[in-house]
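Below is one structure, written out as structure tokens; comments come after it.
The values are calculated or read from the model by the stated rules, or taken from the named source; none is laboratory data. None of these values were measured; they are calculated from a predicted model. Cβ coordinates were reconstructed from backbone atoms using ideal geometry, including for glycine residues, and neighbour counts include every protein chain displayed.
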């Protein structure tokens, strides 16, 4: 995601001066492509960039970069944070940045790798309004929809719910197609019927054919689906809400991770529901 966002900004004539990745080889390759610095340390990015965009995996990684050098001499800098992490972590990042005289904004992405490259992301933003206005010219090059949600953490709450519902839709679609195959139905016909009835969904369009053809090249991994459903379930627990569908969905993605399938696309949940694919068994 981060690499494609950098490519998009370069195409839009927004200078990309440095990139950093814990995979140094990947950072060097991207830097050569973009004609910028492959930073050896996080502080080197902050030293030469006015705006720093972060895309990391989880809460732990987010805290590591902000305590591991990224805030060195950060006064006046703007940090735009695009990872799906716990809302409280986004609030912590804002507080930590402000203590150093910097600004931060969460810009949660409800899109995938292809949209990052095309500049058609759906971006949900949380933080101080002034940080949002400062970031807007950059975000509008990255997204076709840039929406301000509210204070720090609020956009992350919305993103958690988006992914919770998306993951449940994906798991339900896999079950519908898996049962359809077991009944001897033509799955191409079944997908067409789904698309024209109340069974239609965004994941039907993005994942349905892939489930049928067992094509699970990763755009959004099963491991990330498990993590993001977990974020939503923790929010529900805080509100003393029982979400049985979301709970069952997370169990499916947890099964994928346990089976070593966590790096497959979320569409790979079909491997647990189709007969003969090794993951399905009745209970």
Looking at this structure, is residue 49 farther than 28 Å from residue 223 by Cβ and in the same structural domain as residue 124 (by TED's automatic domain parsing)? yes
Of (1) assigned by TED's automatic domain parsing to the domain that holds residue 59; (2) in a helix (DSSP H, G or I); (3) under 19 Å from the mean Cα position of the chain (by Cα), residue 164 satisfies every one except (1)
Sole miss for residue 110 among (1) crowded, with 17+ Cβ neighbours inside 10 Å; (2) farther than 30 Å from residue 265 by Cα; (3) touching a helix residue (DSSP H, G or I) at 6+ places or on another chain (Cβ under 8 Å) is condition (2)
Within the range 202-227, restricting to residues that are in contact with a helix residue (DSSP H, G or I) (Cβ under 6 Å, 6 or more places away or on another chain) and modelled with pLDDT under 95, the one that is nearest to residue 157 (Cα to Cα) is 220
Members of the range 149-180 found to be more than 29 Å from residue 133 (Cα to Cα) and touching a helix residue (DSSP H, G or I) at 6+ places or on another chain (Cβ under 6 Å), listed by number: 167, 168, 169, 170, 171, 173, 174, 177, 180
Criterion (in contact (Cβ under 8 Å) with a residue 24 or more places away in the chain, more than 26 Å from residue 86 (Cβ to Cβ) and not assigned by TED's automatic domain parsing to the domain that holds residue 170) met by exactly one of 214, 277: 277
Is it the case, given these coordinates, that residue 185 is without any contact (Cβ under 8 Å) to a residue 60 or more places away in the chain, outside any helix (DSSP H, G or I) and closer than 16 Å to residue 273 by Cα? yes
From the list 127, 68, which residue is closer than 23 Å to residue 238 by Cβ and more than 18 Å from the chain's Cα centre (by Cα)? 127
Which condition from (1) under 16 Å from the mean Cα position of the chain (by Cα); (2) closer than 27 Å to residue 253 by Cα; (3) touching a residue at least 12 places away in the same chain (Cβ under 8 Å) is the one that residue 171 breaks? (1)
Being surrounded by 13 or more Cβ atoms within 10 Å (Cβ to Cβ) and in contact with a helix residue (DSSP H, G or I) (Cβ under 8 Å, 6 or more places away or on another chain) is the filter; apply it to the range 234-244 and report the residue that is farthest from residue 87 (Cα to Cα). 243
Picking from 96, 67, which residue would you name as being within 24 Å of residue 129 (Cα to Cα) and not assigned by TED's automatic domain parsing to the domain that holds residue 233? 96
Does the range 44-52 include one or more residues that are modelled with pLDDT under 95 and not in a helix (DSSP H, G or I)? no
When residues of the range 100-137 are limited to those that are assigned to a helix (DSSP H, G or I) and touching a strand residue (DSSP E or B) at 6+ places or on another chain (Cβ under 6 Å), the one farthest from residue 166 (Cα to Cα): 134
